[in-house]
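Have a look at the structure below before the remarks.
Read-outs throughout are calculated quantities, based only on the coordinates presented, and are distinct from any laboratory measurement. Keep in mind that what you see is a predicted model, and the values were worked out from it rather than measured. Please note: Cβ atoms are built from the backbone with ideal geometry, for glycine as well, and neighbour counts cover all protein chains shown.
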Amino acid sequence: MLIRYFFFLQRFNYSRWIIVFLNILLVFQFASCKCDKKYNCPSLSEDSKEWLPVYGTDSIRFIDSSGANFTFKMYSQYISPAYDANACKHGEIGCGCNYLCDSRATIYMSSDFTLNNKNYYFISLEESGQNLKSYYKTGASLTYSIFDYTRKIDLINPSNQLPGDSLSLALSLGGITYYNVYVHVNDTLLPGYQNHIIWKAYYTKKDGVIGFYNKATQSLFYRY
């Protein structure tokens, strides 16, 4: 009986020292976590900026075969600047550190011309990355809206498109030949698209939206 009691005390003391050790370890981990560890996040990468050809443009014009035309004028544009971020934050247990970066850009243009009660051309670009010893991009996407048509492009893999979409290596619109044109199609017979007027849009990295089809008038509008 005494022997069993002796071993119980030994195990109790052993467990107590383990708890004390773990508490000391947690205190040391919190103390060693420097929450003022800064790193730099850059603005958009140059490759992402190439997808914003209308940035800095005052206006762009569209026309169809009947001569109907309109102009989008620049209303606002923004590219997030570089900034310093904090790598580490105290968590419930220990310290968690990451070196994640986010940057974005927006462009908003408007027109006196309306389709389906909408009169804008809008572009939103988001980029994510990490900056350990040097910055590298981990993801980027662009969403554009022109009147009632909206489409998202994966900039890491732009050829990853929806069914019905295609890539035209060369396409002529209004006497101008464009290269590597992304042809985006929305089936207006599907739920959510029945009331949309624009069912097809053409987009290039170099020029942005270069044309679209107006279902109401069965006409193609293109840049000029």
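Once the cut-off is 17 Å, how many percent of the Cα-Cα pairs in the stretch 45-131 end up in the long-distance tail?
The answer is 63 percent, as a whole percent.
Between Asn117 and Ala82, what is 0.36 nm times their sequence separation minus the Cα-Cα distance? Round to one decimal in nm.
8.9 nm
If the limit is 23 Å between Cα atoms, which of Lys118/Lys215; Lys73/Lys118; Lys137/Lys200; Lys133/Lys205; Lys37/Lys133 go over it?
Lys137/Lys200; Lys133/Lys205, as the Cα separations exceed 23 Å there.
Determine by what factor the alpha-carbon radius of gyration of the stretch 153-224 differs from 2.2 N^0.38 Å, reporting the quotient.
In units of the globular-protein estimate, the stretch 153-224 measures up at 1.13.
Measuring from label point to label point, each 7 Å out along Cα→Cβ, what is the Leu167 to Lys152 span in nm?
With each label point 7 Å from Cα toward Cβ, the separation is 2.0 nm.
Output ³J(HN,Hα) for the stretch 193-204: one whole-Hz value per residue in order, computed from phi by the Karplus curve 6.51 cos²θ - 1.76 cosθ + 1.60 with θ = phi - 60°, and x for Gly and Pro.
Taking θ as phi minus 60°, the curve returns 10, 4, 9, 7, 8, 8, 10, 9, 9, 10, 9, 10 Hz for the stretch 193-204.
For Ile198, enumerate residues with amide H under 5 Å from its amide H, sequence gap 5+ or separate chain, H modeled in the peptide plane.
Asp148, Lys215
Stick to Cα atoms and the Kirkwood definition of Rh, then tell me Rg/Rh for the stretch 90-196.
Here the Rg-to-Rh quotient is 1.11.
Take every Cα pair under 8 Å in the stretch 104-224 that's 6+ residues apart, average their separations, divide by the length, and report that relative contact order as a whole percent.
Relative contact order of the stretch 104-224: 15 percent.
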